[in-house]
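The values are calculated or read from the model by the stated rules, or taken from the named source; none is laboratory data. Predicted, not measured: the structure shown is a model, and the values here were computed from it. Here the Cβ positions follow ideal geometry from the backbone for every residue, glycine too, while neighbour counts run over all protein chains shown. Areas reflect the complete protein model, heavy atoms only, side chains present, ligands, DNA and RNA absent. Shrake-Rupley method; radii C 1.70, N 1.55, O 1.52, S 1.80 Å.
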Amino acid sequence: MTERDKFLRILYPVLKFGVIFVIGKVLYELVAEPGFEVQFWNGFLHLVTLIVFLALSVVLIAVSRPNFNVLGFFLVMIAAAFNILKAVFLHHSLMEIPENFLLLLVALYFMTSAGKGGHHSH
């Protein structure tokens, strides 16, 4: 096992939890104040969101590295794009755009590098 393989063995679980935290943050922001007048629907939306979050977390932890690169970072790309649109159209806080734009580009990099494999030929 090479040093790179050892490093990736440590890095990928950390990346998986990072993706889970990003998805959790976006889902939380979506349902923190849903605004239904009937309290039942607020609770129902919170429960459904929690179930979706837990299901996504299990899937992200269980998938292989190439599948994680595609699925996990596709979700991060969607979350970053959502945050950019939210900053532009809802909050008018343009200071959220640079970090989400970088996140979107990093996610795109991981998604496109997934099919290339992990080893370079010399």
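Quick one: accessible area per residue over the chain, 1.4 Å probe, rounded to a whole number of Å²?
Using a 1.4 Å probe on heavy atoms only, each residue of the chain averages 71 Å².
Restricting to DSSP loop positions (anything but H, G, I, E, B) with no more than 12 other Cβ atoms inside 10 Å of their own Cβ, which chymotrypsin sites (Phe, Trp or Tyr not before Pro) remain in region 1-39?
Sparse-neighbourhood loop chymotrypsin sites (Phe, Trp or Tyr not before Pro): 36.
Please work out the FRET efficiency for the pair residue 10 and residue 48, using the Cβ-Cβ distance as r and a Förster radius of 35 Å; give the result to the nearest 0.05.
0.55
Just how many pairs of Lys in the chain have C-alpha atoms closer than 23 Å, counting pairs that are eight or more places apart or on different chains?
Taking the chain as the scope, the lysine pair count is 5.
Could you give the spread of the C-alpha atoms of the chain along their three principal axes, from largest to smallest, in whole angstroms?
63, 31, 19
Write out the GluC sites (Glu not before Pro) in region 3-38 meeting two conditions: DSSP loop, and at most 11 other Cβ atoms within 10 Å of their Cβ.
Those that pass, being in a loop and sparsely packed, are 37.
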